[in-house]
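Enquirer: Quick one: structure below, then a few questions.
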Amino acid sequence: MDGYIADKNGGVDWLESTPNPNKSDLSYNTFIEQIGAMVIIVEKNNRTLTMFV
């Protein structure tokens, strides 16, 4: 990973460290309804995938 999301060993376990016993969306849907666009860029093996949502 890029060192911004992943830890120094490439792990992203912290992304699931927020307690969520009710399995709610943690306001994700509310957030998505309020923004106009989202850009997701994934780079792997010198290839780039860009997705506009």
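Read-outs throughout are calculated quantities, based only on the coordinates presented, and are distinct from any laboratory measurement. Being a predicted model, the structure only gives us computed values, none of them experimental. We place every Cβ from the backbone using ideal geometry, glycine too, and count neighbours over all the protein chains shown.
Enquirer: May I ask you to say which residue of LEU49, LEU26 is surrounded by 10 or more Cβ atoms within 10 Å (Cβ to Cβ) and free of Cβ contacts under 8 Å to residues at least 40 places away in the same chain?
Expert: After applying the criteria, what remains is LEU26.
Enquirer: If you go through the range 16-44, how many residues are in contact with a Leu (Cβ under 8 Å, 6 or more places away or on another chain), among the hydrophobic types (A, V, I, L, M, F, W, C) and part of a loop (DSSP other than H, G, I, E, B)?
Expert: Residues in the range 16-44 being in contact with a Leu (Cβ under 8 Å, 6 or more places away or on another chain), among the hydrophobic types (A, V, I, L, M, F, W, C) and part of a loop (DSSP other than H, G, I, E, B): 0 in total.
Enquirer: Considering the range 4-23 alone, what residues qualify as being surrounded by 10 or more Cβ atoms within 10 Å (Cβ to Cβ), closer than 20 Å to LYS44 by Cα and aromatic (Phe, Trp, Tyr)?
Expert: Hits for the range 4-23: nothing passes.
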